[in-house]
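The values are calculated or read from the model by the stated rules, or taken from the named source; none is laboratory data. All values reported here derive from a predicted model rather than from experimental measurement. With ideal geometry, Cβ positions are generated from the backbone for all residues, glycine too; neighbour counts draw on all protein chains shown.
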């Protein structure tokens, strides 16, 4: 009982201390960003605070990497804003069409990327909405607005970076190392089950592949953590590629005749135990008699290859812990579906065009503010697996954020103009939302993140702070209307179904096999990882559909056949390391 109790993390009000530390860091960074913005007399200090909320990540490396991509994407968005407004400032309708097309192009790029690169793609899009559309009636002020927004974003980035460093925000490499070790243990368990002849389900294997490749975007943030970050990132990246290779070796072994000698089975299975000595040794010649079947030589070769790849995974995990530079590392290429990306891009552009037309026909004076919010929701939703569900979550979270902001502005602050009172008043709202954002429940976590962003946007902190109930009501009304219009447009123009997405992915795998285009200029291990990303996407597309299991089995069959061709070719050409 004592050991179990001591292993539990310390909690305060039901939240672990790590979550409290994260929430307090976010609040302090927001206050620092506002203070510096007020001191510099920026016209939109709320943009600096909003930047901090968007960069609210639990580890230092994640925040730094996201901040870097945010700065790059802001520059691209500003340039696009100036180009679009400069060319079409006299024709508002064409400007809106050009903006919808630009957003579609950015979301197309987002669908071809992952992690913070995907976020940068959509940020390049909705920055035009925040810069150009806000000044649609004053096109001469676009450059000034863009420069001020860029300065505010830079302040926000520097603020959260400074606070994370001073308050020792945690690094991610130890957590990644633990996750990789658990995944390696599961692959070894799968190998033991295959050696012993125990049944294994295709869905369980596909789920394991999905969990391995899901670490890819997280691993890229390790490079920004410290001076040894690039070494850790290379080791972790090579480890996930090697894990996929080891899993594929297990599947290749499963296709060969079973080992009938039970003693030999247990000896081979013991080689994958955590306490077993790791070597490339194989059972002696006397044990080879247990390898019965039509092709014992193939079976022996498959076992040797499996042991070699298991040792390779151990090497990469050891390098991650010791921070020792590898003599050779693998890339982890991402599978990109042009068909899915094109569909995502044009549907997002169509949704924006429909909502823009409705807002223009309504003739509201503050329609540009509502449209700006729409493009932010569309952009952020594109980085999630279910954009329409994200919009629905935003529609639910918007009234909550409005209510909390109203309490803060008209009951807590209630006309106060002193900065210390503003900082203290913000504390329970920002810290509370940040704590909710750390919950494991995805819905509650999403509501916490939405409230962090929307509270900052609705409050629109300024120096001095304004208290206008009428403006607050209009802003709140347009927030709700914008979310509702976008959700309606997404139901009118629904996203591609999961079944159709699976069919496209399977068709691409089939085409690559039939055409012989399975290498894609990558090493065999890297190309196999790329195929594993496609399997993971098939697995993620609608597990409740009736044909899901058949699709998963077909995806794994293509995965196995492509890998067999690659590694068989390497054996023939003598290129195996």
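Go through the residues of region 484-496 one by one and say whether even a single one is part of a loop (DSSP other than H, G, I, E, B), under 22 Å from the mean Cα position of the chain (by Cα) and modelled with pLDDT under 85. It would help to see each step written out before you state the result.
First, the residues of region 484-496 that are part of a loop (DSSP other than H, G, I, E, B): 493-496.
Restricting the remaining residues to those that are under 22 Å from the mean Cα position of the chain (by Cα) gives 495-496.
Add one more test, that the residue is modelled with pLDDT under 85, and what stays is 495-496.
Yes: region 484-496 contains one or more residues that are part of a loop (DSSP other than H, G, I, E, B), under 22 Å from the mean Cα position of the chain (by Cα) and modelled with pLDDT under 85.
Examine region 565-573 for a residue that is closer than 21 Å to residue 213 by Cα and either more than 24 Å from the chain's Cα centre (by Cα) or modelled with pLDDT of 85 or more (or both), and state whether such a residue exists.
yes
Of the residues in region 73-101, how many are under 27 Å from residue 62 (Cα atoms), touching a helix residue (DSSP H, G or I) at 6+ places or on another chain (Cβ under 6 Å) and free of Cβ contacts under 8 Å to residues at least 60 places away in the same chain?
Of the residues in region 73-101, 4 are under 27 Å from residue 62 (Cα atoms), touching a helix residue (DSSP H, G or I) at 6+ places or on another chain (Cβ under 6 Å) and free of Cβ contacts under 8 Å to residues at least 60 places away in the same chain.
Condition first: crowded, with 19+ Cβ neighbours inside 10 Å and over 20 Å from residue 25 (Cβ atoms). Now tell me which residues in region 455-466 satisfy that.
Matches in region 455-466: 457, 458, 460.
This table checks each residue for (1) assigned by TED's automatic domain parsing to the domain that holds residue 450; (2) buried (at least 19 other Cβ atoms within 10 Å of the Cβ); (3) closer than 29 Å to residue 105 by Cβ; (4) modelled with pLDDT of 85 or more.
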{"residue": "19", "(1), (2), (3), (4)": "yes, yes, no, yes"}
{"residue": "22", "(1), (2), (3), (4)": "yes, yes, no, yes"}
{"residue": "29", "(1), (2), (3), (4)": "yes, yes, no, yes"}
{"residue": "34", "(1), (2), (3), (4)": "yes, yes, no, yes"}
{"residue": "40", "(1), (2), (3), (4)": "yes, no, no, yes"}
{"residue": "49", "(1), (2), (3), (4)": "yes, yes, no, yes"}
{"residue": "52", "(1), (2), (3), (4)": "yes, yes, yes, yes"}
{"residue": "64", "(1), (2), (3), (4)": "yes, yes, yes, no"}
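Confirm whether residue 341 is modelled with pLDDT of 90 or more, closer than 30 Å to residue 234 by Cβ and assigned to a helix (DSSP H, G or I).
The answer is yes for residue 341.
Provide a single number: the residues in region 425-446 that are part of a helix (DSSP H, G or I), without any contact (Cβ under 8 Å) to a residue 12 or more places away in the chain and touching a helix residue (DSSP H, G or I) at 6+ places or on another chain (Cβ under 7 Å).
2
Among the residues of region 121-130, is any more than 26 Å from residue 475 (Cα to Cα) and crowded, with 24+ Cβ neighbours inside 10 Å?
Checked region 121-130: at least one residue is more than 26 Å from residue 475 (Cα to Cα) and crowded, with 24+ Cβ neighbours inside 10 Å.
Output the residues belonging to region 447-478 that are touching a helix residue (DSSP H, G or I) at 6+ places or on another chain (Cβ under 8 Å), over 16 Å from residue 404 (Cα atoms) and not in a loop (DSSP other than H, G, I, E, B). Can you show your working first?
Of the residues in region 447-478, the ones touching a helix residue (DSSP H, G or I) at 6+ places or on another chain (Cβ under 8 Å) are 447-463, 465, 467, 469, 472, 475-476, 478.
Of the ones still in play, those that are also over 16 Å from residue 404 (Cα atoms) are 462-463, 465, 478.
Within region 447-478, just 478 meets the criteria.
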